[in-house]
Amino acid sequence: MADLNFTDNIMKLFFAGVGAMANTMEKSNEIIEDLVKKGELTVEQGKSINEELTHKAQENFGDFDAMAIRTRLELMSAEKRTAYAEKVAKIVAELNERDTKPADAPEETSPEAAE
């Protein structure tokens, strides 16, 4: 039970980090727009800075995401990690298959969905 509470806290921390990053990106965009309006930055400079900030935020988010996943996996037994990895692999395969189908191809329904 303590592991579940710890995992919940890690997930809350993860989402708090996501929220803080989103808030920071929003505020930085406002500042850049304000500088462009005041003429202290050109539109092109503003776009360049915005793209750089977005790229940096995505890099940091990836690091934070990997840390949260690793922490969750460390709380699992080897058997649970293996089962979890198999579930993730199945989901990835389904998504990859969906993404490679032509847009006009009819969706296949599983027998479970038909019931």
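The values are calculated or read from the model by the stated rules, or taken from the named source; none is laboratory data. All figures in this text were calculated on a predicted structure; none of them were measured in a lab. Using ideal geometry, Cβ is built from the backbone for each residue, glycine included, and neighbour counts are taken over all protein chains shown.
Just one of the numbered conditions (1) at pLDDT below 90; (2) loosely packed, with under 11 Cβ neighbours inside 10 Å; (3) more than 25 Å from Phe15 (Cβ to Cβ) is not true of Glu74: (3). What are the residues in the stretch 64-100 that are farther than 27 Å from Met21 by Cβ and either among the aromatic types (Phe, Trp, Tyr) or in contact with a helix residue (DSSP H, G or I) (Cβ under 7 Å, 6 or more places away or on another chain) (or both), if any? Scanning the stretch 64-100 gives a single hit, Arg81.
Taken over the stretch 27-43, the criterion of being among the β-branched types (Val, Ile, Thr) and over 14 Å from Leu53 (Cα atoms) is satisfied by Val36, Thr42, Val43.
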